[in-house]
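Note sheet for the following structure.
What follows draws every value from the coordinates through simple rules; no lab data is involved. Computed from a predicted structure; not experimentally measured. Counting neighbours? That spans all protein chains shown, and the Cβs are built from the backbone with ideal geometry, glycine included.
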Amino acid sequence: MRDCEPLRSSGGADGNRLARLTEQELKILAVSASGRTVSQVSEALEYSRDTVESCIEGAMRKLRARSKLEAVVIALRHRLIDVP
């Protein structure tokens, strides 16, 4: 997450919360949406496993999600990522 800049806000409380996701977090959630494990996402994106785990945790915190799956579902519902 060190080299990621937050996205611009789209307004409103939910918009502010969603807009705080970084490009890297969104990319990792998008790849995760295909059901890949942390190790598989790490390999696919050529990120370290620690980076992937940190980004997933950051996205979960920002989205108030209790799991990676819930974070992916929220991102899909708000059209922040596409179904692979």
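The calculated Kirkwood hydrodynamic radius for the range 12-77 is 11.6 Å, given to one decimal from all distinct C-alpha pairs. The modelled label-to-label distance for the pair R77/E53, using points 7 Å beyond Cα in the direction of Cβ, is 2.8 nm.
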